[in-house]
2 protein chains.
Amino acid sequence: MTTVALDLLGGDEAPAVVADAVALLTSDADPVDLLLVGPRDTAVALLEERRVRTHGIRFANAESFVRMDEDPLAVLRAHPDASVLVAARAVATGDADAWVSVGHTGASVAAAVLELGRVPGIARPALAVVVPALDGPVVLLDAGAAPDATPDLLRQFALAGHAYARSLGVADPVVGLLTIGSEEGKGDRLRRSAHEVLRETLPAAGIRYAGPVEGHDLAWGRAAQVFVTDGFTGNVVLKALEGAVQWSAVRMGSAYGDPAPAWDVVLRTATSDFAGGMLLGVAGVTVVGHGAGSAAEIAACVRLASRASAGGLMGLSSAALAGSAP
Amino acid sequence: MTTVALDLLGGDEAPAVVADAVALLTSDADPVDLLLVGPRDTAVALLEERRVRTHGIRFANAESFVRMDEDPLAVLRAHPDASVLVAARAVATGDADAWVSVGHTGASVAAAVLELGRVPGIARPALAVVVPALDGPVVLLDAGAAPDATPDLLRQFALAGHAYARSLGVADPVVGLLTIGSEEGKGDRLRRSAHEVLRETLPAAGIRYAGPVEGHDLAWGRAAQVFVTDGFTGNVVLKALEGAVQWSAVRMGSAYGDPAPAWDVVLRTATSDFAGGMLLGVAGVTVVGHGAGSAAEIAACVRLASRASAGGLMGLSSAALAGSAP
């Protein structure tokens, strides 16, 4: 059984929306154990209001948080009781197996690095998202943590993303390099170099490498199950996908004369594993979600954190990155 | 009235599929004048088979073409009668106002540069696509011609894309820089520099600049009508959009229990202005389409070429780029 530390103070509508997420989680068939991080009295009152059974719920006090317009590092230095620090620290001390925040992303990344440290063998953490492709889940990374990447950083992301896919139950995932055109010599300078590095190192590490994969392959998940890219491209693509699915809901909903089923697809996707970005390369399972996330999205982040932890993410990624020092 | 030169030998199913496109075009309410470029006897026979009225159709003989697996420059040097060269040359000589090929993209780009030359003020041509956003058409460029870009090249693309949007009837289009996050200082190195350049130069050229725009803005078309990016990001995003709309057709079609209306949206999109990439920065209206394009997609490319030409694309883009020499 895993315990997930959940930041009660992160999110545009926090703490109420996080308490709503807790209420959803406690009605799961096999509920996750929770460590709620925030002002204790507020937390207890919010759960009582929602008549949440507190069996399996513990509390860790935290009084401050990082506002969206604040410089996260400055706030975290001044406030060691910031909720993201307390939540990440709970994982560092073994009080929890994973932690989740839907607050300021920069603050969550900083808290993870400060409290948990980096996994040896990776120069910068990456944010990995699970895209619900038609043939099964696909891991896309980096989704925004490292906008400028080097070929060697993409190699590290490939190893971390492969470990993440395995922790979610994808057997022997294939890694692809997100690029343009499948012919040799296509792509930009970064991709041409990265292809050489991946082709050399991944098979040596026992990882199947598909070579170049393209934007449309993300929707199908057939060519690869791990899509490696820099954080600039990954973030633009991720948001383009979200926009395109909303575009489709409008256009297709109108073609059917009833938008509801189309928007239901959008909603189900938003509240799937797609809800949370897994921060890979820090020494503890860390999920960051959208600040505007609904209760159902926050609950999905918690389930994802629990599943990756139970699936052995930390062991798999540490081993992959340790074996990979160039 | 505009005349469009159409490459009969380009496309996976050429020349039959191109002849099918001609048949579609001649039944338009206000048909475009065509200059069909290919083996003359074959062209005539194909049109007769389809009972196409040849009023408004002229022919230019061309016997060779560039196969998808060939090096385009080598073939074009050896075969001055290659269909892409003859078609581009027709625009250079004034025999046609625009030209279209759905063959080898690299060959079309090379033929355009060789026969038409570049517009002064742009270092490399860009491929611009029209994304049918919910609030109206949006121009996205570069979609793959220049995978590695500099801030100044993005400035040139901004001017060319703005001219293209105007030629399609978008009044006073707003230019945005496709990036991640709307806060100052976000994005990769290229975007941070490009933002400074665009912020400085676009308003001075009388062009509205929205600043940073994100991937999801492409679906709405509200934040900007011209999205500027490098050819790597643009191509990945474009294909990701196509994949996401197909994903939506599968998932939403299944939610409604009848896939047909959803796939009809996909089909209508593929046969809209979205069908053709406009090659900007060459001194003649040049549209390249997908090699696997259907007859309806090829016909859409011809209509787009005609409309951009009639809308004054060449005058607008030459003026914009000439005024902009740094």
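From B:87, B:133, which residue is surrounded by fewer than 24 Cβ atoms within 10 Å (Cβ to Cβ) and closer than 26 Å to residue A:180 by Cβ? I'd like the intermediate steps shown before the answer.
On the way: B:87 fails: surrounded by fewer than 24 Cβ atoms within 10 Å (Cβ to Cβ).
Going through B:87, B:133 in turn, the sole match is B:133.
With respect to residue B:70, is the statement that it is of a type in the set (Asp, Glu) and either out of contact with any helix residue (DSSP H, G or I) (no Cβ under 9 Å at 6 or more places or on another chain) or farther than 22 Å from residue B:156 by Cβ (or both) true? Talk me through it step by step, then tell me what you get.
Working: of a type in the set (Asp, Glu): yes; either out of contact with any helix residue (DSSP H, G or I) (no Cβ under 9 Å at 6 or more places or on another chain) or farther than 22 Å from residue B:156 by Cβ (or both): yes.
Yes; evaluated as a whole, the condition is true for this residue.
Hey, could you check the range A:274-291 for residues that are within 22 Å of residue A:312 (Cβ to Cβ) and part of a loop (DSSP other than H, G, I, E, B) and say which is farthest from the chain's Cα centre (by Cα)?
Among residues in the range A:274-291 that are within 22 Å of residue A:312 (Cβ to Cβ) and part of a loop (DSSP other than H, G, I, E, B), the one farthest from the chain's Cα centre (by Cα) is A:283.
From the list B:121, B:161, B:117, which residue is under 28 Å from residue A:243 (Cα atoms) and more than 14 Å from every other protein chain (Cβ to nearest Cβ)? Steps first, answer last, please.
Working: B:121 fails: under 28 Å from residue A:243 (Cα atoms); B:117 fails: under 28 Å from residue A:243 (Cα atoms).
The conditions single out B:161.
Return the only residue of A:97, A:69 being crowded, with 22+ Cβ neighbours inside 10 Å, more than 28 Å from residue A:204 (Cα to Cα) and of a type in the set (Asp, Glu). Let's see the steps before the verdict.
Numbers: A:69 fails: crowded, with 22+ Cβ neighbours inside 10 Å.
Exactly one of A:97, A:69 is crowded, with 22+ Cβ neighbours inside 10 Å, more than 28 Å from residue A:204 (Cα to Cα) and of a type in the set (Asp, Glu), namely A:97.
Test residue A:210 against the stated conditions and say whether it is surrounded by fewer than 24 Cβ atoms within 10 Å (Cβ to Cβ), in contact with a Gly (Cβ under 9 Å, 6 or more places away or on another chain), under 27 Å from residue A:166 (Cβ atoms) and within 13 Å of another protein chain (Cβ to nearest Cβ). Show your work before the answer.
Values: surrounded by fewer than 24 Cβ atoms within 10 Å (Cβ to Cβ): yes; in contact with a Gly (Cβ under 9 Å, 6 or more places away or on another chain): yes; under 27 Å from residue A:166 (Cβ atoms): yes; within 13 Å of another protein chain (Cβ to nearest Cβ): no.
Taking the combined requirement at face value, the residue does not satisfy it.
What's the number of the only condition in (1) surrounded by 17 or more Cβ atoms within 10 Å (Cβ to Cβ); (2) farther than 26 Å from residue B:241 by Cα that residue B:203 fails to meet?
Here residue B:203 clears every test but (1).
Quick check on the range B:221-236. Is at least one of its residues within 7 Å of another protein chain (Cβ to nearest Cβ) and either surrounded by fewer than 22 Cβ atoms within 10 Å (Cβ to Cβ) or of a type in the set (A, V, I, L, M, F, W, C) (or both)? Give the derivation first.
First pass over the range B:221-236, keeping only residues within 7 Å of another protein chain (Cβ to nearest Cβ): B:232-233, B:235-236.
Keeping just the survivors that are either surrounded by fewer than 22 Cβ atoms within 10 Å (Cβ to Cβ) or of a type in the set (A, V, I, L, M, F, W, C) (or both) gives B:232, B:236.
For the range B:221-236, residues within 7 Å of another protein chain (Cβ to nearest Cβ) and either surrounded by fewer than 22 Cβ atoms within 10 Å (Cβ to Cβ) or of a type in the set (A, V, I, L, M, F, W, C) (or both): present.
Here's the yes/no breakdown for (1) part of a helix (DSSP H, G or I); (2) without any contact (Cβ under 8 Å) to a residue 24 or more places away in the chain; (3) in contact with a Leu (Cβ under 8 Å, 6 or more places away or on another chain); (4) not assigned by TED's automatic domain parsing to the domain that holds residue B:33:
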site: B:207; (1), (2), (3), (4): no, no, yes, yes
site: B:215; (1), (2), (3), (4): no, no, yes, yes
site: B:219; (1), (2), (3), (4): yes, no, yes, yes
site: B:223; (1), (2), (3), (4): no, no, no, yes
site: B:235; (1), (2), (3), (4): yes, no, no, yes
site: B:241; (1), (2), (3), (4): yes, no, yes, yes
site: B:250; (1), (2), (3), (4): yes, yes, yes, yes
site: B:263; (1), (2), (3), (4): yes, yes, no, yes
site: B:293; (1), (2), (3), (4): no, no, no, no
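Would you point out which residue out of B:86, B:174, B:109 is touching a residue at least 40 places away in the same chain (Cβ under 8 Å), over 19 Å from residue B:202 (Cβ atoms) and more than 15 Å from the chain's Cα centre (by Cα)?
Working: B:174 fails: over 19 Å from residue B:202 (Cβ atoms); B:109 fails: more than 15 Å from the chain's Cα centre (by Cα).
Exactly one residue qualifies, and that residue is B:86.
Consider residue A:262 against the criteria (1) within 7 Å of chain B (Cβ to nearest Cβ); (2) buried (at least 23 other Cβ atoms within 10 Å of the Cβ); (3) within 25 Å of residue A:98 (Cβ to Cβ): it satisfies all of them except one. Which criterion is unmet?
(3)
With the checklist (1) facing chain A (nearest Cβ under 7 Å); (2) closer than 30 Å to residue B:147 by Cβ in hand, flag the one item residue B:255 doesn't pass.
(2) is the only condition that residue B:255 fails.
Which of the residues that make up the range A:171-191 are polar (S, T, N, Q) and at pLDDT 95 or above?
Restricting attention to the range A:171-191, the residues satisfying the condition of being polar (S, T, N, Q) are A:179, A:182.
The one that is polar (S, T, N, Q) and at pLDDT 95 or above: A:179.
Select from the range B:118-146 the residues that are under 16 Å from the mean Cα position of the chain (by Cα) and outside any strand (DSSP E or B) and list them in ascending order.
B:124, B:125, B:142, B:143, B:144, B:145, B:146
So is residue B:192 free of Cβ contacts under 8 Å to residues at least 12 places away in the same chain and within 12 Å of chain A (Cβ to nearest Cβ) or not? Working first, answer last.
Working: free of Cβ contacts under 8 Å to residues at least 12 places away in the same chain: yes; within 12 Å of chain A (Cβ to nearest Cβ): yes.
Here the answer is yes, as residue B:192 does meet what is asked.
Could you list all residues from the range B:103-117 that are in a loop (DSSP other than H, G, I, E, B) and surrounded by fewer than 22 Cβ atoms within 10 Å (Cβ to Cβ)? It would help to see each step written out before you state the result.
The first filter runs over the range B:103-117 and keeps only residues in a loop (DSSP other than H, G, I, E, B), leaving B:103-104, B:117.
Selection gives B:117 alone.
Looking at B:77, B:53, B:58 in this structure, which one is more than 14 Å from residue B:15 (Cα to Cα), at pLDDT 90 or above and not in a strand (DSSP E or B)?
B:77
So, residue A:268, is that one surrounded by fewer than 24 Cβ atoms within 10 Å (Cβ to Cβ) and touching a residue at least 40 places away in the same chain (Cβ under 8 Å) or not? Please lay out each step first, then the result.
Values: surrounded by fewer than 24 Cβ atoms within 10 Å (Cβ to Cβ): yes; touching a residue at least 40 places away in the same chain (Cβ under 8 Å): no.
No: the conditions fail for residue A:268.
The values are calculated or read from the model by the stated rules, or taken from the named source; none is laboratory data. Predicted, not measured: the structure shown is a model, and the values here were computed from it. Please note: Cβ atoms are built from the backbone with ideal geometry, for glycine as well, and neighbour counts cover all protein chains shown.
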